[in-house]
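Note sheet for the following structure.
The values are calculated or read from the model by the stated rules, or taken from the named source; none is laboratory data. It should be emphasised that the depicted structure is a prediction, and the values quoted were computed from it without experimental measurement. We place every Cβ from the backbone using ideal geometry, glycine too, and count neighbours over all the protein chains shown. With ligands, DNA and RNA removed, areas are computed over all heavy atoms of the protein, side chains included. Shrake-Rupley method; radii C 1.70, N 1.55, O 1.52, S 1.80 Å.
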Amino acid sequence: MTKRALLSVSDKTGLVDFAKGLIELGYELISTGGTFTTLEKEDVAVKQVFEVTGFPEIMDGRVKTLHPAIHGGILANRSITAHLDALEEHNITPIDLVCVNLYPFKETIEKPDCTEELAIENIDIGGPTMLRSSAKNFKDVIVAVDPNDYNEILEKLKTGTDNYEFRKSLAVKVFNHTAIYDRQIVNYFDDQNIELNYTSKETLRYGENPQQKAYFYKEKNVKKNTISGAKQLHGKELSYNNIRDADAALEVVKEFSEPAVVAVKHMNPCGVGVGENIFVAYNNAYEADSVSIFGGIVALNREVTREVAEEMSKIFLEVIIAPNYSEEALEILTKKKNLRLLVCDTEKSKEETLQYVSVSGGLLAQTVDNLSLKDAELKFVTEKKPTEEELKAFELAWKVVKHVKSNAIVLATKDRTVGIGAGQMNRVGSAKIALEKILEEENVVLASDGFFPMGDTVELAAKFGIKAIIQPGGSIKDNESIEVANREDIAMVLTGIRHFKH
């Protein structure tokens with residue numbers, strides 16, 4: 001008995017070869033609209049759906065496959081006699097394979113000129129219905145939603161190895177695909193709804209500690225400027241902690257347009273340097289904290305050159321992230337068997353995105369903190385004003401402080417961080433940690449991610465020779481901190497922007 005396949009796709013990648021392969025295997029093809037036109041142009045034998053249903057496409061194609069001759073053919077359970085009798089009674093031919101992918105809803109709504117009317121017209125109805133029908137009846141119907149599966153399907157059919165488990169795996173992919181598609185539609189009309197679009201799961205060796213199991217889920221349409229989208233060139237597999245630290249390093253280095261290098265340990269930057277080139281930037285980052293960088297993760301926003309690779313090879317590093325590596329750099333770094341080398345775009349995303357944190361029994365979501373010093377209305381609140389050198393140092397310190405765990409204090413010059421205090425229960429505690437790292441430095445500024453609740457942090461800064469401070473302001477005791485700054489001849493600038501990171 002001749003088998004029948006229904007093909008109706010928006011993405012026509014691999015369509016013609018797949019169709020020809022099915023014909024070679026004895027399948028009769030039926031199709032719709034643009035898919036039919038594409039196949040006909042390539043001299044592929046194919047019928048139009050209306051030849052099967054006896055009913056034309058109507059309403060600009062909104063109704064074409066929603067017909068018992070189609071869905072009866074798909075949904076009939078071949079092991080139930082009553083179903084087979086119904087097919088015969090109503091002269092319905094079984095459909096043994098369904099190949100469908102959906103109207104490009106996501107691609108449509110991402111266009112700047114997309115209107116609601118256009119979005120609505122790109123909500124597929126017949127496609128998901130056929131996919132779900134086929135997936136429900138996967139025991140009898142092979143369903144294809146991904147062009148990447150075409151060759152394997154043909155091979156399985158040719159060798160007779162299209163068994164229950166294989167068909168079931170294709171059905172699972174379909175249900176996931178239609179679920180994501182529906183979520184995209186919901187999110188378009190309800191911007192308060194959260195879209196969680198994770199489709200790839202990787203088992204990690206363990207979690208934060210050896211006794212914890214861990215998995216790495218990746219988004220379906222992962223972006224190249226994310227850790228999930230990074231390509232690993234060398235080294236052993238990434239651990240749970242590697243991935244979290246690498247993500248933290250990547251997010252910091254994205255803040256910079258000039259050559260920049262970021263070293264991270266335990267989710268906090270330990271050294272950040274900028275320079276006229278990436279070699280200078282690396283040396284500045286290294287000198288910022290030559291102790292903590294050992295065993296750390298390093299992110300660069302320029303190609304890794306031979307000179308930089310030679311310097312990095314002198315110490316133990318877990319991971320290096322960069323947009324590219326020179327051939328000489330790779331030759332040097334790949335000599336370290338376990339060093340992970342990642343290629344990743346370091347451009348900052350301009351679109352508003354959500355970030356998620358799991359809590360017991362729930363999920364927190366917020367937009368990414370994308371405000372920078374350029375977005376602030378700076379208030380120069382002290383008698384002394386910052387110098388040009390200090391203003392440049394403010395820029396670096398403010399970019400870094402938003403990525404340090406609160407309470408956060410960052411000391412910096414215009415070229416590099418000097419001291420970082422993170423995650424203490426009070427602000428003056430973080431300041432002590434950062435300030436104790438100061439050596440013989442000039443033009444060092446202090447940045448705080450939150451306001452000073454009292455003047456003690458400013459008093460401590462004065463003892464260590466700090467002459468310029470940048471902080472959000474907003475405390476009921478702002479005047480106390482300003483008075484201390486005036487007394488100690490310190491310039492203070494308020495940004496009005498808080499950068500807490502818990």
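Taking the alpha-carbon set of region 216-331, what are its Rg and Dmax in Å?
For region 216-331, the Cα-based Rg and Dmax read 13.2, 40 Å.
On a 24 Å Cα-Cα criterion, which of the cross-link pairs K379/K467; K213/K402; K223/K335; K337/K402 come out too long?
Details: K379/K467 17 Å; K213/K402 30 Å; K223/K335 29 Å; K337/K402 34 Å.
In this structure, K213/K402; K223/K335; K337/K402 lie more than 24 Å apart at Cα.
At a threshold of 8 angstrom on Cα-Cα distance, excluding pairs fewer than six apart, so keeping six or more, what relative contact order does the chain reach in percent? Before the final figure, lay out each step's value.
Numbers: 998 pairs, mean separation 42.1, N = 502.
The normalised contact order for the chain reaches 8 percent.
Restricting to Cα atoms and excluding each atom paired with itself, what does the Kirkwood estimate give for region 346-488 in Å? The partial results should precede the final answer.
Numbers: mean 1/r = 0.0624 Å⁻¹.
Answer for region 346-488: a Kirkwood hydrodynamic radius of 16.0 Å.
Mind checking which aspartates and glutamates have their C-alpha under 19 Å from K220, skipping anything on the same chain fewer than 8 residues away?
Those aspartates and glutamates meeting the cut-off are D11, E107, E110, D146, D149, D182, E195, E202, D247, D345, E351, E352.
Where only protein heavy atoms count, and the probe is 1.4 Å, what is the accessible area per residue for the chain in Å²?
Details: 25640 Å² over 502 residues.
Accessible area per residue, the chain: 51 Å².
Starting from the Kirkwood Rh over alpha-carbon pairs, what translational D in µm² s⁻¹ does the chain have by Stokes-Einstein at 10 °C and 1.306 mPa s? Intermediate results must be reported in sequence, preceding the final value.
Values: Rh = 26.8 Å.
Translational diffusion coefficient: 59 µm²/s.
Quick check: Cα centre of region 29-86 to Cα centre of region 206-266, how many Å?
A separation of 47 Å, based on Cα centres.
Which values, in whole Å and largest first, are the semi-axes of the equivalent ellipsoid of region 27-174 obtained as the square root of 5 times each eigenvalue of the Cα gyration tensor? Intermediate values should be presented prior to the final figure.
Details: eigenvalues 141, 79, 51 Å².
Over the Cα atoms of region 27-174, the semi-axes work out to 27, 20, 16 Å.
Evaluate the Kirkwood expression for the hydrodynamic radius of region 288-398, namely the inverse of the mean inverse distance over all pairs of different C-alpha atoms, and round to one decimal in Å. Write down the numbers at each step before the final one.
Values: mean 1/r = 0.0560 Å⁻¹.
Kirkwood hydrodynamic radius for region 288-398: 17.9 Å.
Suppose only helical runs count, i.e. DSSP H with n ≥ 4. What mean residue ellipticity at 222 nm does that imply for the chain under -39500 (n - 2.57) per run, divided by all residues and rounded to the nearest 500 deg cm²/dmol?
Details: 18 runs with 179 residues, N = 502.
Roughly -10500 deg cm²/dmol at 222 nm, from the helical runs in the chain.
Restricting to the chain, what percent of DSSP beta bridges are antiparallel, rounded to 5? Kindly include the intermediate steps, with their values, before the conclusion.
Details: 36 of 66 bridges.
So the antiparallel bridges in the chain amount to around 55 percent.
Pulled fully out, how much extra length does the chain show between K201 and E258, if you take 0.36 nm times their separation in residues and subtract their Cα-Cα distance? Display every interim value, and only then the final one.
Details: separation 57, 0.36 × 57 = 20.52 nm, distance 3.52 nm.
Full-extension gain reported as 17.0 nm.
Can you give the FRET efficiency for I58 and V186, using 1/(1 + (r/R0)^6), R0 = 25 Å, r = Cβ-Cβ distance, to the nearest 0.05? Intermediate results must be reported in sequence, preceding the final value.
Details: r = 28 Å, r/R0 = 1.10.
That gives a FRET efficiency of 0.35.
Output ³J(HN,Hα) for region 65-77: one whole-Hz value per residue in order, computed from phi by the Karplus curve 6.51 cos²θ - 1.76 cosθ + 1.60 with θ = phi - 60°, and x for Gly and Pro.
Ordered by residue, 3J(HN,Hα) equals 9, 7, 8, x, 5, 8, 6, x, x, 7, 8, 4, 7 Hz.
Over region 331-397, what relative contact order in percent results from Cα pairs under 8 Å that are six or more residues apart? Spell out each step's value before the answer.
On the way: 22 pairs, mean separation 11.1, N = 67.
Relative contact order here is 17 percent.
Over all directions, what mean area does the Cα convex hull of region 412-502 project, stated in square nanometres? Don't jump to the answer; show the numbers that get you there.
Values: hull surface 22.0 nm².
One quarter of the hull surface, i.e. the mean projection, equals 5.5 nm².
How much of the accessible area of region 86-224, probe 1.4 Å, is carbon plus sulfur, in whole percent?
Working: 3820 of 8120 Å².
C and S fraction of accessible area: 47 percent.
What residues have an amide H closer than 5 Å to that of N101, excluding those fewer than 5 places away on the same chain, when H is modeled at 1.01 Å from N in the peptide plane?
Under 5 Å from the amide H of N101 lie the amide H atoms of S8, V9, S10, D11, each far enough along the sequence or on another chain.
Report the full-extension gain for the segment K236 to K136: residue separation times 0.36 nm, less the Cα-Cα distance, to one decimal in nm.
Working: separation 100, 0.36 × 100 = 36.00 nm, distance 4.08 nm.
Extending this stretch completely gives an extra 31.9 nm.
Regarding region 109-162, what are the three Cα extents along the principal axes, ordered largest first, in Å?
For region 109-162, the Cα spread along each principal axis is 48, 21, 10 Å.
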